[in-house]
Amino acid sequence: MKDTYQNEFQKEKKMLSLLFTICIIWFVGKFFIFGLRASWGIMKLLCTVIFFPVILIGMVIGGLMYIAFPLLIVAGIIALVTSHS
């Protein structure tokens, strides 16, 4: 009789452990996806506001005006087309 209760307890313990593991994986996955979305938004902002202008200024200073100017025009057209106004 004692053995039967122990077996039932072990089965319940395994089921709860499995349920806990599934919930933890789901929870961590949700936070991982949230982190990726947040970092993607921050990287888009950094690239648009800081990196792209610095690269263009560096190209102009380095004498690559023929490459920097068309890139600036293409970026401006893309910004106009994709603006939400």
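Quick note: the coordinates plus some simple rules give every number you see, no bench work behind them. Given the structure is predicted, the values throughout are model-derived calculations rather than measurements. Please note: Cβ atoms are built from the backbone with ideal geometry, for glycine as well, and neighbour counts cover all protein chains shown.
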Taking the range 48-64 on its own, how many of its residues are in a helix (DSSP H, G or I) and loosely packed, with under 12 Cβ neighbours inside 10 Å?
7
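Would you check if there is a residue in the range 75-82 being touching a helix residue (DSSP H, G or I) at 6+ places or on another chain (Cβ under 9 Å) and either in a helix (DSSP H, G or I) or among the hydroxyl-bearing types (Ser, Thr, Tyr) (or both)?
yes
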Quick check on LYS30: is it closer than 30 Å to VAL74 by Cα and either assigned to a helix (DSSP H, G or I) or of a type in the set (Ser, Thr, Tyr) (or both)?
no
Considering only residues of the range 74-85 that are hydrophobic (A, V, I, L, M, F, W, C) and either under 18 Å from PHE51 (Cβ atoms) or in contact with a Phe, Trp or Tyr (Cβ under 7 Å, 6 or more places away or on another chain) (or both), which is surrounded by the most Cβ atoms within 10 Å (Cβ to Cβ)?
ALA75
